[in-house]
1. Which number in (1) modelled with pLDDT under 95; (2) within 24 Å of residue B:147 (Cβ to Cβ) marks the one condition that residue A:161 misses?
2. Only residues that are assigned to a loop (DSSP other than H, G, I, E, B) and at pLDDT 95 or above: list them for segment B:64-81, please.
3. Out of the residues in segment A:40-78 meeting the condition of being small (Gly, Ala, Ser) and surrounded by fewer than 18 Cβ atoms within 10 Å (Cβ to Cβ), tell me which one is farthest from the other protein chains (Cβ to nearest Cβ).
4. In segment A:138-151, what residues are under 15 Å from residue B:137 (Cα atoms) and either modelled with pLDDT of 95 or more or not small (Gly, Ala, Ser) (or both)?
5. Among the numbered criteria (1) assigned to a helix (DSSP H, G or I); (2) within 11 Å of another protein chain (Cβ to nearest Cβ); (3) at pLDDT 95 or above, which single criterion is violated by residue A:90?
6. Evaluate the following for residue A:130: is it in contact (Cβ under 8 Å) with a residue 12 or more places away in the chain and more than 11 Å from every other protein chain (Cβ to nearest Cβ)?
7. Taking segment B:127-144 as the region of interest, how many residues are more than 8 Å from chain A (Cβ to nearest Cβ) and not in a loop (DSSP other than H, G, I, E, B)?
8. For segment B:104-126, which positions are more than 8 Å from chain A (Cβ to nearest Cβ), more than 30 Å from residue A:129 (Cα to Cα) and surrounded by 15 or more Cβ atoms within 10 Å (Cβ to Cβ)?
Amino acid sequence: MRPALGCSALLLAAGLGAAPLEAQDPRLAARLPTGTRLAVERLLDSARASGLPTEPLVRKALEGESKGADSARIVSAVATLGRYLGQARQALGTGADEATLVAGAAALRAGAQPARLRALDSLRARERLAVPLSVLADLLTSGVEPERAWTTVREMATQGAPDADFLELRERLMGTRQGQAPGLPPAAERPPTAAPLPAPHGPSP
Amino acid sequence: MADHDPLPALIAALREPVRLGDRAVAGALAELQREARLARWRRAGWSTALAAGLLLAIRLWPAGSPAPERHAVRFAVAAPAAGRVALIGDFNDWDQSRHLLHRQSGEWSVTLELKPGRYRYAFVVDDSRWVADPGTPAAEDEFGTPTSAITVTN
């Protein structure tokens, strides 16, 4: 083999061969028992092979460890999140970034239908979906009636509302002081504001 | 005086440059071969450096668009009787030792720089009690502890 070809091929092979080592996240090795870590790493490999982000899955495993959950529960939680991330990616397309997929997965876990993620995707630029999806997840998790939550979010997306308006809607709906986004005063200094939901317009899909 | 035959000398003279030429050609060929070998190794060096640079660029180049801007987010909780409050969540690998809150008049707070996105988090009071943020929405939780969610916008 010619030296040029040989050296380059060897180096590329070494570089490509190093890729699977990424699966061995040092955080998992440091905090999870071996059996749990291996099971989680298999899920990470699967997610990686599907083109899904693995960082949210690593965080889920670390969250479980921090909360004292047993191995089965940690692995189950990671697998469930992986499934929701996959559904979110299927609904929102391969161009959706990690933040959007995480918000989409949260909305799905809270009870949103994948078709509604697709509908939202058609109404709003994909890079601006994370906040509406996150707000939808919050509304559903807090017990707002699903049709009402969806119709309101969809209506705001149709109108091209900025992200801040979605957060304000949630504040009014839930009476929280959520407002820690940039440009707003510190959350704890803001009084809760409660107001009725804006009347939804148009039929729900 | 016998005639001197110039022919042998002439032949010898003619042969001499030819023999010298043979050596020169052989030497030149050897030199060319050596140069060719060196050139191959030089190409190997450049190719190796190029491949290494390419790998390095692939590994280090930020994927997709530039990294999103981080924003200051203040987390606060009222816990007048607490001796220690930690913030724990998606932004710090759920590690209690990473972000301890500072007390000021009964309120504990800390400010983090976060990228836009959705984060789940909680406060841990005195290393044992998990407390959700009463001012932000409750988050889904598979592990049975109080957890909050925050959305950071651009």
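1. (2)
2. From segment B:64-81, those assigned to a loop (DSSP other than H, G, I, E, B) are B:64-70, B:79-81; that's our starting set.
Within segment B:64-81, no residue meets the criteria.
3. Quick first cut of segment A:40-78, residues small (Gly, Ala, Ser) only: A:46-47, A:49-51, A:61, A:64, A:66, A:68-69, A:71-72, A:76-77.
Now narrow it down to the ones that are surrounded by fewer than 18 Cβ atoms within 10 Å (Cβ to Cβ): A:46, A:49-51, A:68, A:71-72, A:76.
Details: A:46: 19, A:49: 17, A:50: 16, A:51: 12, A:68: 8, A:71: 13, A:72: 12, A:76: 8 Å.
Looking at the filtered set, the residue picked out is A:46.
4. The initial filter retains those residues of segment A:138-151 that are under 15 Å from residue B:137 (Cα atoms), namely A:138-144, A:149.
Selection gives A:138, A:139, A:140, A:141, A:144.
5. All conditions are met except number (2).
6. Details: in contact (Cβ under 8 Å) with a residue 12 or more places away in the chain: yes; more than 11 Å from every other protein chain (Cβ to nearest Cβ): no.
No, not satisfied.
7. Residues meeting the conditions: 2.
8. Pass one, segment B:104-126, residues more than 8 Å from chain A (Cβ to nearest Cβ): B:104-106, B:108, B:110-114, B:119, B:121-126.
Still in the running and more than 30 Å from residue A:129 (Cα to Cα): B:104-106, B:108, B:124-126.
Matches in segment B:104-126: B:108, B:124, B:125.
The values are calculated or read from the model by the stated rules, or taken from the named source; none is laboratory data. Every value quoted in this text rests on a predicted model; they were computed, and no experiment measured them. Cβ atoms come from the backbone with ideal geometry, glycine included; neighbour counts cover every protein chain shown.
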